[in-house]
Amino acid sequence: MRTTCPYCGVGCGVLAEAGADGAVTVQGDPDHPANRGRLCSKGMALGETLGLHGRLLTPEVNGRAVDWDTALDAVAEGFRAAAEQHGPDSVAFYVSGQLLTEDYYAVNKLMKGFVGSANVDTNSRLCMASTVAGHKRAFGADVVPGCYEDLDGCDLAVLVGSNAAWCHPILHRRLEAARARGARIVVIDPRRTATCDSADLHLPLRPGSDVLLFNGLLAHLVRNGAIDGEFLSAHTKGFADALAAAERDAPDLDAVAAGCGLRATDVARFYRWFTATERTVTLFSQGVNQSSQGTDKVNAILNVHLASGRIGKPGMGPFSLTGQPNAMGGREVGGLANQLAAHMGFDDPADVERVGRFWQAPAMAAKPGLKAVDLFQAVAEGRIKALWIMATNPAVSLPDADAVRAALAACPFVVVSDAVHGTDTTAHAHVLLPASAWGEKDGTVTNSERRISRQRALRPSPGAAMPDWWQVAQVGRRLGWGEAFAWASSADIFREHAALSAFENGGSRAFDLGPLAGLTDAAYDALEPVQWPVRADGGTARLFADGRFVTPDGRARLVPVRVKRPAHVVSVEHPFILNTGRLRDQWHTMTRTGTVPRLASHTDEPFVAIHPDDAAEQDLTDGDLAVVEGIAGRAVLRVRVTEDQTPGTLFAPIHWSRRFASEGGVGPVLPAATDPVSGQPELKHGPVSLRRWEPGWTGFLIGRAEVVPDADWWVGTVRDGCRVTLLAGDAWPADLEGWAARLLGGVARLDLHDGGRGVHRWARLDGDRLEAVLFIGIDGPQRPCDWLVARFAEPAVSAEERPWLLSGQAPSGTTECGRVLCACWNVAEARVRAAVEAGLTSVQEIGAALKAGTGCGSCVSEIKELIADARHDVAA
Ligand SMILES: Nc1nc2c(c(=O)[nH]1)N[C@H]1C(S)=C(S)[C@@H](COP(=O)(O)OP(=O)(O)OC[C@H]3O[C@@H](n4cnc5c(=O)[nH]c(N)nc54)[C@H](O)[C@@H]3O)O[C@H]1N2
Ligand SMILES: Nc1nc2c(c(=O)[nH]1)N[C@H]1C(S)=C(S)[C@@H](COP(=O)(O)OP(=O)(O)OC[C@H]3O[C@@H](n4cnc5c(=O)[nH]c(N)nc54)[C@H](O)[C@@H]3O)O[C@H]1N2
Ligand code: SF4
Ligand SMILES: [Mo]
């Protein structure tokens, strides 16, 4: 079955095959233009995320399993009652760029056309809203001008606030291929990331100073006669004002270097390369968007491309890297509270009228609804009485997350549609609706280059799970709008969506799928990946080639932007800036990737990265636990000392929730400041303090069941056949044996106590099968040796092995298995080390021998390091 990966916005084609035993194997689709057969570690592990463990399989009302009719009646009644008593604006949806376009379309139609409120917002507000706003200001519409082939064909790629090596791995490989034939890569990011390993220049700019850097570039282009005057006068407006603003901020190179905290020679080199290289692509992502001046950052980038005429032509252009698989689809259906549908909006009453007529809508919303942060504020204040959350986990992913949690707990009626049970958000649901997941759903997604691809079902939904669009349509029908929600399939919805895009369009809107409005079911099934706008003769790779933009006068706008201070800055109480982002092998709140042992093993613990000078000053060493305290709330994280950080800045990953750790999440730490234009929260810039936490005891639990331990601090990770939970506490548990029995899930068969040394260890066996092991002590060990963990993957423990269980080490003579380095092929670091010691000296040789590094390639830099270390050892 040909389908599409459900993770990032690269939108890779996947060939998936369901075996007779239900097991699904995947490989890259060689015919898909996004990836041509490749997949990254997350995509390669898709088959392993499809187990039913943890899946939500039946609807629930107030914690009790019910049938669909009961659940849907409850939802319809809850929404009807709220709207009748408190008006339509007391009802809201909070949805996700992980929905399919058809799901998204259904939600948007129900709310904006029938309930009569635009209170539909999406996690894309946390992700793409600044780009949407920046595109609209510059181009008149939310359009990514270029395509992936421009990455293959460029001579300079500038990555701004993007860790593409980990977050868009397959595109990053295309950039590396361009580099191999001579293109240069510049990375603009306050910290040194894996993406910098294949860069020709890394500019570790001061967090938030991007506008200054690009204003300086605009002024530099003008000083060096590198602007395209003809293009500017024929196709744009606003150049003089934009330049005046830029020159005020950035009178010369030294001002830029000082303001950005960069070496003047590095800035000069970047400007020189940009000036000299016609085929330049500027790719940007969350370091740009998630900022209190994200929209201005976007326009600062678009300004330099417009000024140099580098747009709409092969090998060049600004390129927004979209995060979620269907971030783009959501924007096309108008999934954001300030959009309407099919690139129409609330600014023009004619748009509202037109969409209303097309939908035959009884109650068209006429004004924008609440944006995510304001929406949850309204929930907290009791203004939202009924809320439906779909395919997102806001209790984890929003800033000031503890307040979001409290708001959810206080909301009178919360509906959550999710594929899994037990997320931080499902815990607050009055009604829980089981959603079909990847591999079961059927519909379309749009990737970063506007390419629409099919996700196809390869197996039936388990239990009672149903697609999201079906759930919405059922509630629409129950609310009395049977005809408008009569769809029988996702194909029906797609045709309607395509028809709306073409409705009275006549070239006024870039988003146009007209020719697809008449697809038969069979043609929809067989739909090949295609880039919008879709014309009679096919898709469109590149827009604006003719210099015509989507503004009323057809001209693009350069927008004057000025440097602004971030919403919150450092203070005596909060002297560090916390930056947050992603890890290579985890996806967001880990509801899917967190269940795959080989993905968990790359990084198994939430951490905070800090520069060595700062660590020394704070009296912290690598491996300590630290309390990271922000304006809103706190986290407790493992300290990682690294030169990759710039002094004064910290970095922590976003993935841990309360389901996987006691206080491993960054959501509570970040304040809810937003960009005034886009409403996107500033998720990369939270002032914090940092101090060591020295627990009274540490230890770990290994067990087969998922337990939430009663301990001050804990982090759980899945491993093969078991779950490892690291533990720490201030005071010793009061009733030690009772506490241990609870964690172990029963009474231990083996134990070892040395009160003098403060050591307590237990193991529980069922016959010869190991069920649980618990170690705690004053001086560790803090984590289990791999040999012990590996015993859980075995059916029985042998008589020879048994004495070693509580020893804290592997039997003499056994080698430990160790951390997985290459997650694509599941190759342990120890095997790569052994291969290097055995004499292999290049990444290619290692790849040929072990396959390590031949998948997505994101571990290649680590393999290189191991080779370099070995050489160093020999030399020493
Ligand atoms: N492995 C993995 N891949 C993913 C995801 C995932 O969860 N896991 N999620 C997907 C989604 S939804 C998204 S949105 C994308 C995100 O993809 P990216 O945006 O590439 O990822 P992030 O790690 O969030 O942030 C990118 C970088 O911005 C930098 N940054 C912080 N502040 C600034 C600043 O002021 N200026 C500049 N120039 N840079 C700054 C950070 O240091 C970080 O390295 O990834 C997608 N891909
Ligand atoms: N501090 C900080 N916070 C951030 C970010 C950051 O960089 N820093 N990044 C932000 C960004 S860019 C993003 S995109 C968000 C992501 O944050 P979220 O959207 O909250 O994270 P996910 O874990 O992807 O949540 C998706 C949920 O949908 C469920 N699900 C999966 N498939 C389906 C389906 O088909 N139907 C339904 N109904 N449910 C399904 C999953 O089980 C999961 O519970 O986080 C944002 N938050
Ligand atoms: S790069 Fe990886 S996560 Fe993104 S779509 Fe491709 S396989 Fe999926
Ligand atoms: Mo995102």
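The values are calculated or read from the model by the stated rules, or taken from the named source; none is laboratory data. These numbers come from a predicted model, not from an experiment. Cβ coordinates were reconstructed from backbone atoms using ideal geometry, including for glycine residues, and neighbour counts include every protein chain displayed. Just so you know, the surface numbers come from the protein's heavy atoms only, side chains and all, with ligands and any DNA or RNA stripped out. Shrake-Rupley method; radii C 1.70, N 1.55, O 1.52, S 1.80 Å.
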Exercise. Rounded to the nearest 5, what is the percent of antiparallel bridges among the DSSP beta bridges in the chain?
Worked result: 60
For this session: Could you pull out which residues in the range 621-640 have an amide N less than 15 Å from a spot 7 Å beyond the Cα of SER571, following the Cα-Cβ vector?
Result: 629-633
Exercise. Relative to the present Cα-Cα distance, how much length would full extension add between ALA350 and LYS851 at 0.36 nm per residue of separation?
Worked result: 174.5 nm
Problem set entry | Candidates per GluC sites (Glu not before Pro) in the range 79-153, loop by DSSP, up to 13 other Cβ within 10 Å | none
Exercise. Say each of GLU278 and LEU57 gets a label point 7 Å from the Cα, pointing the same way as Cα to Cβ; how far apart are those two points in nm?
Worked result: 6.3
For this session: Report the local net charge at ALA257: Lys and Arg +1, Asp and Glu -1, summed over other residues whose C-beta lies under 12 Å from its C-beta.
Result: 0
For this session: Quote the relative contact order of the chain in percent (integer), defining contacts as alpha-carbon pairs under 8 Å separated by 6+ residues.
Result: 15
Exercise. Cα convex hull of the chain: mean projected area in nm², to one decimal?
Worked result: 36.5
Exercise. Tell me, what is the FRET efficiency for GLU149 and ALA526 to the nearest 0.05, using R0 = 25 angstrom and their Cβ-Cβ distance as r?
Worked result: 0.55
For this session: Evaluate the distance, in nm, between pseudo-label points positioned 7 Å from the Cα of ARG833 and of ARG535 along their respective Cα→Cβ axes.
Result: 5.9
Exercise. Kirkwood-based Rg over Rh for the range 576-693 (C-alpha set), two decimals?
Worked result: 0.97
Exercise. Residue-wise, which Karplus ³J(HN,Hα) couplings in Hz belong to the range 400-406, taking 6.51 cos²θ - 1.76 cosθ + 1.60, θ = phi - 60°, and x for glycine or proline?
Worked result: 6, 5, 5, 5, 5, 4, 5
Seminar exercise, completed: For the range 596-661 the translational diffusion coefficient, Stokes-Einstein from a Kirkwood Rh over Cα pairs at 25 °C and viscosity 0.890 mPa s, in µm²/s, is roughly 193
For this session: Could you work out the local net charge near LEU99, counting Lys and Arg as +1, Asp and Glu as -1, over the other residues with Cβ closer than 10 Å to its Cβ?
Result: -2
Exercise. Is the range 515-657 best put as rounded, prolate or oblate by its Cα gyration tensor, with a ≥ b ≥ c the root eigenvalues, rounded for a/c under 1.5, and otherwise prolate when a/b is larger than b/c, oblate when not?
Worked result: oblate
Seminar exercise, completed: Computed ³J(HN,Hα) along the range 444-455: with the Karplus parameters 6.51/-1.76/1.60, θ = phi - 60°, integer Hz and x for glycine or proline, the list is 10, 9, 10, 8, 4, 9, 6, 9, 8, 10, 8, 9
Problem set entry | For PHE607, distant residues with modelled amide H under 5 Å away | ARG638
Exercise. Please state the relative contact order of the range 1-106 as a whole percent: Cα pairs under 8 Å, 6+ residues apart?
Worked result: 14
Exercise. At a 1.4 Å probe, what is the % contribution of carbon and sulfur to the accessible area of the range 1-50?
Worked result: 49
For this session: At most 16 other Cβ atoms within 10 Å and a DSSP loop assignment: could you name the trypsin sites (Lys or Arg not before Pro) in the range 829-866 that fit?
Result: LYS851
Exercise. What is the set of long-range amide H partners of LEU770 at a cut-off below 5 Å, with H atoms built 1.01 Å from backbone N?
Worked result: VAL797
Seminar exercise, completed: Residues whose built amide H sits under 5 Å from the amide H of LEU821, excluding neighbours closer than 5 in sequence, are VAL827, ALA828, GLU829
For this session: State in Å² the accessible area per residue of the chain; use a 1.4 Å probe, count heavy atoms of protein chains only, and round to the nearest integer.
Result: 35
Exercise. Name the GluC sites (Glu not before Pro) in the range 556-649 that are in a loop by DSSP and that have at most 11 other C-beta atoms within 10 Å, would you?
Worked result: GLU573, GLU643
Problem set entry | Using θ = phi - 60° and Karplus 6.51 cos²θ - 1.76 cosθ + 1.60, couplings along the range 15-21 (whole Hz; Gly, Pro as x) | 9, 10, 9, 8, x, 4, 7
For this session: Determine the distance separating the Cα centre of the range 127-163 from the Cα centre of the range 393-433; give it in Å without decimals.
Result: 33
Problem set entry | Surface share of carbon and sulfur [accessible, 1.4 angstrom probe, percent] for the range 820-875 | 53
Problem set entry | Convex hull (Cα only) mean projected area of the range 290-398, reported in nm² to one decimal | 10.0
Exercise. From a point 7 Å beyond the Cα of ALA234 in the direction of its Cβ, which residues of the range 140-168 have a backbone N at a distance under 20 Å?
Worked result: 140, 145-146
Seminar exercise, completed: With all protein chains present, the range 381-522 has a carbon and sulfur share of its accessible area (1.4 Å probe) in percent of 57
Exercise. In whole angstrom, how far apart do the alpha carbon centroids of the range 682-720 and the range 460-535 sit?
Worked result: 44
For this session: Net charge near ALA632: determine it from the other residues with C-beta under 14 Å of the C-beta of ALA632, scoring Lys and Arg +1 and Asp and Glu -1.
Result: -4
Exercise. Taking the range 506-570 on its own, what percent of its Cα-Cα pair distances exceed 13 Å?
Worked result: 75
For this session: Calculate the length of the line joining the C-alpha centroid of the range 767-814 to that of the range 42-80, in whole Å.
Result: 38
